[in-house]
1. Does the stretch 29-63 hold any residues that are over 16 Å from the mean Cα position of the chain (by Cα) and modelled with pLDDT of 85 or more, and which are they?
2. Scanning for something in contact with a strand residue (DSSP E or B) (Cβ under 9 Å, 6 or more places away or on another chain), of a type in the set (Val, Ile, Thr) and part of a strand (DSSP E or B), does the stretch 9-28 turn up at least one residue?
3. Pick out the one residue from Glu122, Glu103 that is assigned to a loop (DSSP other than H, G, I, E, B), in contact (Cβ under 8 Å) with a residue 12 or more places away in the chain and either out of contact with any strand residue (DSSP E or B) (no Cβ under 9 Å at 6 or more places or on another chain) or in the same structural domain as Asn49 (by TED's automatic domain parsing) (or both).
4. May I ask you to list the residues in the stretch 11-28 that are within 16 Å of the chain's Cα centre (by Cα) and of a type outside the set (S, T, N, Q)?
5. Given the condition part of a strand (DSSP E or B), of a type in the set (Phe, Trp, Tyr) and either surrounded by fewer than 16 Cβ atoms within 10 Å (Cβ to Cβ) or touching a Ser or Thr at 6+ places or on another chain (Cβ under 9 Å) (or both), answer yes or no: does some residue in the stretch 127-145 qualify?
6. Return the pairs, sorted by first residue and then second, in which the second residue is among the basic types (Lys, Arg), the first residue lies in the stretch 82-97 and is over 21 Å from Thr136 (Cβ atoms), the beta carbons are less than 8 Å apart, and the residues are 6+ apart or on different chains.
7. From the residues in the stretch 67-107 that are surrounded by fewer than 16 Cβ atoms within 10 Å (Cβ to Cβ) and of a type in the set (A, V, I, L, M, F, W, C), which one is farthest from Leu9 (Cα to Cα)?
Amino acid sequence: MDKKPIITLIGESLAKKNFKFFFMGKSEKNKECDKCPTNNVCLSNLETNRVYQIVEVREIKHPCKIHLGEVVKVVECVLADVETIIESNQCFVGATQIYQKPECDEYDCPYKELCFPEYLKEGDRIKILEIFEDKTLRECKTRGNIKKVLVSLNN
């Protein structure tokens, strides 16, 4: 399933095909965004706390007070694919499921970042794109046999 591109604006120096960026949301300290005529395209199309990947860069430029005197370019982006860990019995390339944060109280676990990727949210519809053969993974105390996977968000 191809993802529908999202139109947004990004600083010209960052506007490169395949570049990934983390959208933290509008800066509350800077009210310039509220006055900007491109605010709707720049900020409203993106979801806070998500990683995006640029798939196309357009030649259209706009001035921007936030990007330190730099202009912004129009880009097409999609939600970036995310690495995570899933139980082995649920690992099939092409399988779709609803992401649910695992229940875990192992605070010093080496897989914590993969089990709880900050870019996935409870209830996200994900599709497994790739299963990694990772010999360093051991059985999880909480989840049993696990696999490292690359998933696509299909929101």
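1. Correct list: Glu56, Val57, Arg58, Glu59, Ile60, Lys61, His62, Pro63.
2. Yes, the conditions are met somewhere in the stretch 9-28.
3. Only one candidate qualifies: Glu103.
4. Lys17, Phe19, Lys20, Phe21, Phe22, Phe23, Met24, Gly25
5. Yes, the stretch 127-145 contains a residue that is part of a strand (DSSP E or B), of a type in the set (Phe, Trp, Tyr) and either surrounded by fewer than 16 Cβ atoms within 10 Å (Cβ to Cβ) or touching a Ser or Thr at 6+ places or on another chain (Cβ under 9 Å) (or both).
6. From residues that are over 21 Å from Thr136 (Cβ atoms), the pairs are Gly94/Lys127; Ala95/Lys127; Thr96/Arg125; Thr96/Lys127; Gln97/Arg125.
7. Looking at residues that are surrounded by fewer than 16 Cβ atoms within 10 Å (Cβ to Cβ) and of a type in the set (A, V, I, L, M, F, W, C), I get Cys104.
The values are calculated or read from the model by the stated rules, or taken from the named source; none is laboratory data. Computed from a prediction, not measured in an experiment: that's the story for all the values here. Here the Cβ is made from the backbone with ideal geometry for all residues, glycine too, and neighbour counts use every protein chain on show.
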